[in-house]
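Reviewing the structure listed below.
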Amino acid sequence: MSAIRNVFFLSMLFAALLIRDNALAQGDYPTKPIRIIVTVPAGAGSDILARTLALKLTEALGQQVVVDNRGGASGIIGMELGARAAPDGYTLVQGTVSTLAINPAMINPLPYDPQRDLAPISLMDDSVIVMVVHPSLPVASVRELIALAKGRPGQINYGSAGTGSVQHLVAHMFRSAAGIDIVHVPYKGAAPAFVDLVAGHVTLIFSGVISAMPFIKSGKLHALAVTSPRRVEPVMNLPTLKEAGGPDIHASLWNGLLAPARTPPAIIERLHREIAAAVRAPDYIARIRASGGTPVSSTPDAFAALIKADSARYAKAVKDSGARAE
């Protein structure tokens with residue numbers, strides 16, 4: 001009987017401590033500055049997004065929220081640091097479609113598991129991907145592009161930021177679904193890929209709207225469609241791939257905020273509420289849209305479901321394309 005009483009006492013003590021910790025987390029958090037680890041250099045699109053959110057969270061939480069840039073190694077350095085941090089709500093990490101959904105399929109072993117080691121808080125941004133072509137390509141729609149590619153197998157090429165990048169894998173999905181033979185030309189980053197696209201050395205790219213918009217506006221490149229299920233800002237004039245006569249492919253460049261696994265649920269919920277409030281603020285919306293982004297928020301469960309779904313989608317694309325980490 002004494003053993004049973006001891007087990008009962010320990011279980012009650014554990015429950016009481018859990019209730020106390022959750023109450024403390026909800027009532028007192030935060031009591032010191034919070035760090036957001038960002039896996040890209042200062043000035044990059046994701047960094048601007050994180051800094052804009054950090055300002056809003058600083059106002060809402062009453063504690064300084066600072067950005068800590070830890071770029072390199074395809075985002076692995078920063079993501080591992082975030083995943084291994086203490087689960088107390090004072091170290092958060094910004095994750096992207098690349099670091100959360102593509103890296104697990106491309107890099108083995110990966111020193112962090114996005115679905116085991118991290119707790120999703122909320123999406124921060126969900127930016128559209130556009131199909132852009134060089135003006136010399138004699139097409140005015142996706143339907144015409146597919147017809148041209150079928151008549152010229154292996155003669156149309158497409159650029160990307162590198163093997164296994166979002167640009168590569170989305171283009172491979174398009175290539176496979178459309179049943180065409182177009183040739184991949186990988187570059188070391190999006191910038192050199194755009195240089196060669198504008199010069200006409202490659203003829204097609206799937207790009208985030210932020211990178212592509214200056215070239216579209218100047219007329220140096222033509223946009224044919226977006227890879228979203230419906231038309232979206234800031235390119236409402238562009239049809240979806242399906243509307244333009246192509247396959248129904250959905251892909252986007254999303255960013256989200258995560259905490260180390262085992263962070264108290266009360267802290268996750270508090271941060272989620274503050275992000276949801278931030279993305280409704282006019283000044284925040286204006287700043288993100290000015291940089292070409294699309295401010296959004298989501299529940300932790302919805303963000304987790306997106307990571308899971310995109311991980312499966314990109315794992316298939318990696319396998320089918322034969323992509324390997326460079």
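Any read-out appearing in this document is the output of simple, stated calculations on the displayed coordinates, not a laboratory observation. This structure is a prediction, so every number in the text was calculated from the model and none was measured. Ideal geometry is used to build each Cβ from the backbone, glycine not excepted, and the neighbour counts take in all protein chains shown.
In a solvent-free Debye calculation with one equal scatterer on each Cα, what is log10 I(q)/I(0) for the range 226-311 at q = 0.20, 0.22, 0.24, 0.26 Å⁻¹, listed in the order of the q values? These q points yield log10 I(q)/I(0) values of -1.07, -1.16, -1.23, -1.29. Relative intensity of the range 275-326 on a log10 scale, I(q)/I(0) at q = 0.18, 0.27, 0.28, 0.31 Å⁻¹, equals -0.74, -0.94, -0.97, -1.06, per a Debye sum over C-alpha point scatterers of equal strength in the absence of solvent.
Measuring nothing but how far apart in sequence close Cα pairs (under 8 Å, 6+ apart) lie, relative to its length, the range 190-326 scores a relative contact order of 15 percent. Over every Cα atom in the range 125-190, the radius of gyration and the widest Cα-Cα span, Dmax, amount to 12.1, 39 Å.
For the chain, with the dipole built from +1 on Lys and Arg beta-carbon atoms and -1 on Asp and Glu ones, taken about the Cα centre, which of 45, 232, 108 lies farthest toward the positive end? About the Cα centre, the residue reaching furthest to the positive side is 232.
All other residues with a Cβ under 11 Å from the Cβ of residue 117 taken together, and with Lys, Arg as +1 and Asp, Glu as -1, what is their net charge? Summing Lys and Arg as +1 and Asp and Glu as -1 gives +1. Here is the tail figure for the range 78-181: Cα pairs spaced more than 16 Å apart come to 68 percent of all pairs. Note on residue 217 and residue 68: the model spin-label points, each 7 Å out from Cα along the C-beta direction, lie 3.6 nm apart. When only Cα pairs below 8 angstrom with a gap of at least 6 residues are kept, the range 136-255 shows a relative contact order of 27 percent. In a fully extended conformation the segment linking residue 84 and residue 199 would gain 37.0 nm over its present Cα-Cα distance, using 0.36 nm per residue.
Dividing the helix sum by the residues of the chain, where each DSSP H run of 4 or more adds -39500 (n - 2.57), gives a mean residue ellipticity at 222 nm of -14000 deg cm²/dmol.
The angle separating the long axis of helix 166-178 from the principal Cα axis of greatest extent in the chain is about 60 degrees.
Measuring nothing but alpha carbons in the chain and taking Rh as the Kirkwood radius, the Rg to Rh ratio lands at 1.05. Placing +1 on each Lys and Arg Cβ and -1 on each Asp and Glu Cβ, with no other charges, gives the chain a dipole about its Cα centre of roughly 240 debye. GNM on the chain, alpha-carbon springs under 10 angstrom: the most fluctuating residue among 95, 43, 162 is 43. Considering only beta bridges that DSSP places wholly inside the chain, some 65 percent are antiparallel.
Between residue 289 and residue 302, full extension at 0.36 nm per residue minus the direct alpha carbon distance yields a gain of 2.4 nm.
Cross-link partners for residue 32 among the lysines, with Cα-Cα distance under 24 Å and sequence neighbours closer than 8 places in the same chain left out: 56. With the largest listed first and rounded to whole Å, the semi-axes of the equivalent ellipsoid of the range 175-231 from the Cα gyration tensor are 18, 17, 11. Compared with the alpha-carbon gap, the fully stretched path from residue 55 to residue 141 is longer by 26.8 nm at 0.36 nm per residue. For the range 221-267, the Kirkwood hydrodynamic radius comes to 13.2 Å, computed from all pairs of different C-alpha atoms. Against the main long axis of the alpha-carbon atoms of the chain, helix 2-28 sits at an angle near 60°.
Placing +1 on the Cβ of every Lys and Arg and -1 on the Cβ of every Asp and Glu, with no other charges, gives the range 174-325 a dipole of roughly 160 debye about its Cα centre.
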